[in-house]
Amino acid sequence: MLNVLLRFWLQATVFTLASLAWMIVQMGGEWANLSVVSYYKLSATLYALGVISLVTIWWVVNQFGQWRGNLRIMHGVATYAYRAYLGNVFWQTLLWDWWGRQLATTHLWLALALLWPATWLLAFGFAYLLHLIWGRRPVKQK
């Protein structure tokens, strides 16, 4: 089974990137407009399935292959993924309003290529920072 999944990782990557490109084209540059972005659209559903398939392939390869140590990284990222979910919308909206919309008028793909990692880093970074801050709170004694 491991060899079969390893043969399909490239196809899963191409499928995921193609569905992401289709979704971006459907949005027409309105990256932060929630009325345009919908998980009910076929492109968004296919993109989500592509990401799920890539994560699944990565997990199986790490679980049953030679890279078991990478599972700690995956669990660490998963710990903050839910915490960063709402922050993702917040940071994406702010970045889009600050510079993304203006840059997208002349360079749409550059704006998206910069906006996505910046949003991801800020959302996860802020979630981790809040984790550190809340971890230092004094515990109330009974």
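The values are calculated or read from the model by the stated rules, or taken from the named source; none is laboratory data. Treat the numbers as computed from the prediction; the structure is a model and nothing was measured. Neighbour counts are summed over all protein chains in view; Cβ atoms, including those assigned to glycine, are modelled from backbone coordinates with ideal geometry. Calculation scope for accessible area: heavy atoms of the full protein, side chains included, ligands and nucleic acids excluded. Shrake-Rupley method; radii C 1.70, N 1.55, O 1.52, S 1.80 Å.
Exactly one residue out of 100, 65, 28 is over 14 Å from the mean Cα position of the chain (by Cα), at pLDDT 75 or above and not hydrophobic (A, V, I, L, M, F, W, C): that is 100. Scanning region 93-118 for residues that are within 24 Å of residue 59 (Cβ to Cβ) and surrounded by 11 or more Cβ atoms within 10 Å (Cβ to Cβ) gives a single hit, 116. Taking region 82-117 as the range and being farther than 27 Å from residue 131 by Cβ and polar (S, T, N, Q) as the test, the residues that pass are 102, 105, 106. Would you mind stating whether residue 90 is open to solvent by less than 100 Å² (accessible area, probe 1.4 Å), on the phi < 0 side of the Ramachandran plot and of a type in the set (A, V, I, L, M, F, W, C)? No: the conditions fail for residue 90. Of the set (1) over 24 Å from residue 15 (Cα atoms); (2) in a helix (DSSP H, G or I), all apply to residue 112 but (1). Within region 99-128, residues that are more than 14 Å from residue 88 (Cβ to Cβ) sit with their Cβ atoms under 6 Å from residues that are open to solvent by less than 50 Å² (accessible area, probe 1.4 Å) and outside any helix (DSSP H, G or I), at 6+ positions apart or across chains, in these pairs: 104/29; 108/29.
Among the residues of region 121-130, which ones are exposed (fewer than 15 other Cβ atoms within 10 Å of the Cβ) and under 15 Å from the mean Cα position of the chain (by Cα)? Of everything in region 121-130, those that are exposed (fewer than 15 other Cβ atoms within 10 Å of the Cβ) and under 15 Å from the mean Cα position of the chain (by Cα) turn out to be 121, 125.
The single condition from (1) under 24 Å from residue 12 (Cβ atoms); (2) open to solvent by 70 Å² or more (accessible area, probe 1.4 Å); (3) modelled with pLDDT of 80 or more that residue 47 fails is (2).
Test residue 86 against the criterion of being part of a helix (DSSP H, G or I), under 18 Å from residue 119 (Cβ atoms) and at pLDDT 85 or above, and give yes or no. Considered against the rule, which asks whether it is part of a helix (DSSP H, G or I), under 18 Å from residue 119 (Cβ atoms) and at pLDDT 85 or above, residue 86 comes out as no.
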